[in-house]
1. Please go through the residue pairs Lys283/Lys304; Lys121/Lys176; Lys304/Lys506; Lys54/Lys97; Lys334/Lys467 and name each one whose alpha carbons sit more than 19 Å apart in this structure.
2. Using a basic spin-label model with each label point 7 Å from the Cα along Cα→Cβ, how many nm lie between Glu421 and Ile86?
3. Give the whole-number value, in cubic angstrom per residue, of the convex hull volume spanned by the C-alpha atoms of the chain.
4. Using only protein heavy atoms and a 1.4 Å probe, report how much of Thr522 is accessible, in Å² to the nearest 10.
5. Over region 469-526, what relative contact order in percent results from Cα pairs under 8 Å that are six or more residues apart?
6. Name the aspartates and glutamates eligible as straight-distance cross-link partners of Lys40: C-alpha to C-alpha under 13 Å, and not fewer than 8 places from it in the same chain.
7. Tell me the Kirkwood hydrodynamic radius of region 126-210 in angstroms, computed as one over the mean inverse distance between distinct C-alpha pairs.
8. What FRET efficiency comes out for the pair Lys40/Lys16, r = Cβ-Cβ distance, R0 = 25 Å, nearest 0.05?
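The values are calculated or read from the model by the stated rules, or taken from the named source; none is laboratory data. As the structure is a computational prediction, the values presented were derived from the model and not from experiment. Heads up, the Cβs are rebuilt from the backbone with ideal geometry, glycines too, and the neighbour counts pull from every protein chain shown. For accessibility, only protein heavy atoms count, side chains too; no ligands or nucleic acids. Shrake-Rupley method; radii C 1.70, N 1.55, O 1.52, S 1.80 Å.
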Amino acid sequence: MTRELIKIMNNLLKIKNLCLNIKSNSDEEILKNISFEIKKSEVVSLIGESGSGKSLTALSIIRLLEKSCKIKKGEIIFSGKNILRIEEKEMRMIRKKDISMIFQEPMRSLNPVMSIRDQLKESYMDYNSKDINQEIIKNLISVGIKDADRVINLYPHQLSGGMKQRVMIAMAIACKPKLLIADEPTTSLDVTIQKQVLDLLIELKERLNMAILFITHDLSVASQISDKIIVMKSGEIIESNPSNIFFQNPENLYSQSLLESSSYKRKLKKNINSESSDVLDVKNLKVFFKEKNSILSRNFSYIKAVDDVSFKIKPGSTHAIVGESGSGKTTIAKAIMGLSHVTSGNIKICNKNVLTMNGLEKRNFRKNYQMIFQDPFSSLNPRMRVGAIIKEGLCFLRPELDTKDVDKILYEIIKNVGLDESSLGKYPHQFSGGQRQRIAIARVLVLNPKLLICDEPTSSLDVTVQKQVLDLLMEIQDKTNISYLFISHDIKLISNISDTISVMHKGKMVESGITSDIINNTANDYTRNLLQSVPQIKK
């Protein structure tokens, strides 16, 4: 048997000279001569920024492209068959048994009107009805859902983002596929769950002899799991090397910039005046939610989403709240913004208790504290132009300004966030994810707030764009002395940008203090577990 024949037999997937166009006025070529191979039980990571063609390459493999996408030439050979030439009926069987995909956005991928049990049942058609429940529960537990017997009866909207992603992973691995395509499967997960999922994928790869095409923009995650790294930019493969070679010495300048951006370091900042009065003072905050014990029962129990939390933020400083999904981080942010009912406690902003303010007083005071949401696309009105989106807050909270003053402020703020004046006349869908986040930042900064609450503002961004957004936020803080409440599950990231930190677990604050003290000398087991779960780039 020749070496070439052995190599062909070992290849589970081979893509050769794949070219893809999107039908438009210019008939633009999106993928340009994409060629790579995946062997049995091999993990290949496809990395690059948004728009580089990673997801389109994956969708081409399972033939789930939109009608506007047209494959002009090339071959995709899976288990000896060119899947671009087979009938759709045969392709469906391949999707059912041999190739599975974990999609990037679980909320759009899960059916909102079906329970988790009913959605997972579709993956177990070959099982007896008695065994299906047991298999579903076992599968959910394997991806880190401990109370699986409760979760199977819930609907997608009742789960956190991380929980929905875990359900998607459970669904994808249910059929024990030969090839698993994972499109950003750990982006919205906590570091502890991320580690569990990566360990699970590696264990499945070994046990099932399963190959994985892992699509990510997180190089530290890619280094944990990959045998080979493929870097894409503008629809082309610009580098392909074994993982150890890539991380020791990337050949391409773009690859080097990705590697540099993956570990964010804040530039030197000015000292904080510890004697100045607090911008935010949260004392003994409690947020409890009522929950019926059963559908027919009149009895209620209480979920303690936030249980007796206290912290302070000084002018010009950054306080970070870190913890897993469901720990109460976002509930604290919503309570401060008045978007969630507060059971008890005090919230003072600039020495004024916002919980005791009446409607008109609170509305006029709102310009002093603003919030950047996790998903910039969902938080921007798609029917409004960017100029109108940014202007809305000014017109509502600063009605004394005339048209000339408003226009002057708009031009200044759009320039300050690194966008052109022409952006004011465009719609949100005409921008990339990073640009939309800049627009969201401009919308809140236009009011010159004293406090800005940032709820996972960079979690879905590429490493280079993430660095740009963080540099922008830090630069604005140094110029304006604004205070940040930074909410994140990425303890590695916030350790480089925050002055103080609070660690949340199941609604309680388990540790709070100066960031460097907690990161370097923590005595808490939960915090230590978070730190140990952070992926480090292997070289």
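1. Result: Lys54/Lys97; Lys334/Lys467 exceed 19 Å.
2. Modelled inter-label distance: 5.8 nm.
3. 182 Å³
4. 20 Å²
5. Rounded, it is 20 percent for region 469-526.
6. Hits, sequence-local ones excluded: Asp98, Glu206, Asp227.
7. That comes to 13.4 Å for region 126-210.
8. Calculated transfer efficiency: 0.85.
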